[in-house]
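Mind having a look at this structure? Questions to follow.
The values are calculated or read from the model by the stated rules, or taken from the named source; none is laboratory data. The shown structure was predicted, so the numbers you read here are calculated from the model rather than taken from an experiment. As a convention, Cβ positions derive from the backbone with ideal geometry for all residues, glycine included, and neighbour counts pool all protein chains shown. Ligands, DNA and RNA are excluded from the accessible area calculation, which covers all protein heavy atoms including side chains. Shrake-Rupley method; radii C 1.70, N 1.55, O 1.52, S 1.80 Å.
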Amino acid sequence: MTSTRETTPDITPVPASTWLVGGWGADMECESEGISVLRSKPDGSLELAHRVADVPSASFIVVDGDRVYSTLEGSGQVAAFDLDGETLSTPAFTASGGQYPCHITVHGSTIIAANYGTGTLGVIETGTESTELDTRQVVETVGLGPRPQQEGPHAHSSVFVDDSTLFTLDLGADLIRIFSYTDFAIEQIAELATPAGFGPRDIVARPGNLFYVLGEHGCGLLVVEWKNRALKQLCSIALPGAVEGDQASAIAISADGRFAYAGVRHSNQIAVMTIADDGRSVAPLTSVSCEGNWPRHMIMSDDILHVCNQYSHEVASFRIDPNGIPQLIAPPTRVLSPTYLARIV
């Protein structure tokens, strides 16, 4: 692992951007006080502007046009806001369908909430007004894995493949679950087992019906293909630099599609991987410091990689050099217990 803190990369101005940042609060034994606005500087790094919502543990945020949705992880709720510039309205709330909602997927007027604590999935209907939220279905799951942290199902993320098909990741049961969807109801129709102890946590869709799946406990990356209404594993690698006891957190992809990045907590690294031209395989390249403690979330925007370092209360921003290596732009920005970044503009 290498540190980028003393590196001074070339400075080329990047387009201005505005972001929302959420984090774990007191009900999750952390310090975030709600949702705040960050604005970009000309060098691409971010600066804290002001708080726009006093809500507890807004750990995952989705910006959907002029609407913003957030998990409230400690209280088992999903919140909805109207967005006007940098202003959020008074939120509306609904039950997430379980304990510790850590991820939401928004697809049209449907929200899928993944509840880590109970392993349940909540299906929520939205309306024409942000105040219209209705939890229509709660789906229970079963399963476990070989690790102590896998004592039961732990739903962690989801993605719609098309209007009638949903994938969900079960970190506790080492499963990618496949659901049919219709009229605010889902039903499991198949599943793909990941390696034992892998703990699938994050998933990103790639061109050609490919999906990259990150294992929290196995600290690995899978490439899977959706073909003929079935999932097939194409590639599996260990994250470069990760060691036993680390926990992988999130995936980001470079703008040109040549590199993949994954947060590695405990060792506090960014794992860097190369992507084959056809996207069907990845290979380890190197790892660099995340320049903080506990890289919970990362996102690529305008060739800048932003990393939420939760326990050091910082957001670090990196330019990607021609070899795909993140280079720290400036000292990280102080943000209390950040867990998720979502771009507004």
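Just grab the label-to-label distance for His266 and Asp84, each label 7 Å out from Cα along the Cβ direction, in nm (one decimal).
4.8
Taking the Cα centre of segment 210-345 as origin, work out the dipole magnitude from +1 charges on Lys and Arg Cβ and -1 charges on Asp and Glu Cβ, in debye rounded to 20. Please list the in-between numbers first.
On the way: 10 positive and 12 negative charges, 71 e Å.
In debye, rounded to 20, segment 210-345 gives about 340.
Where in segment 231-259 is the amide nitrogen less than 16 Å from a point lying 7 Å along the Cα-to-Cβ axis of Arg280?
Those under the cut-off are 231-236.
Give the shape of segment 11-135 as rounded, prolate or oblate, defined through the alpha-carbon gyration tensor: a ≥ b ≥ c are the square roots of its eigenvalues, a/c under 1.5 means rounded, and otherwise the shape is prolate if a/b is larger than b/c and oblate if not.
Cα axes put segment 11-135 in the prolate bin.
(i) 21.6; (ii) 20.0; (iii) 22.3: which one is Kirkwood radius over Cα pairs in Å as calculated from this entry?
(ii)
Determine the gain in length on full extension of the stretch Arg67-Glu132; use 0.36 nm per residue of separation and subtract their C-alpha separation, reporting nm with one decimal.
Gain on stretching Arg67 to Glu132: 22.2 nm.
What part of the accessible area of the chain, given as a whole %, is carbon or sulfur when the probe is 1.4 angstrom? Working shown, then result.
On the way: 6460 of 13450 Å².
Looking at the chain in its full context, I get 48 percent from C and S.
Here's a follow-up. Which whole-number value in Å² is the accessible area per residue of the chain, probe 1.4 Å?
39
Another question, then. Using each residue's phi in segment 16-22, evaluate 6.51 cos²θ - 1.76 cosθ + 1.60 at θ = phi - 60° and report the 3J(HN,Hα) Karplus result to the nearest Hz, with x for Gly and Pro.
These are the phi-based 3J(HN,Hα) values: 5, 9, 10, 9, 9, 10, x Hz.
Between Ser180 and Val204, what is the label-point separation in nm under the 7 Å Cα-to-beta-carbon projection?
Each label point is offset 7 Å from its Cα along the Cβ direction, giving 3.2 nm.
Whose amide H sits under 5 Å from the amide H of Tyr100, counting only residues 5 or more places off or on another chain, with H placed in the peptide plane?
Long-range HN contacts for Tyr100: Gly76, Gly117.
Here is a follow-up. Evaluate the relative contact order of the chain (contact order divided by residue number), counting alpha-carbon pairs under 8 angstrom at least 6 apart; express in whole percent.
Details: 1083 pairs, mean separation 50.3, N = 345.
Over the chain, the number comes to 15 percent.
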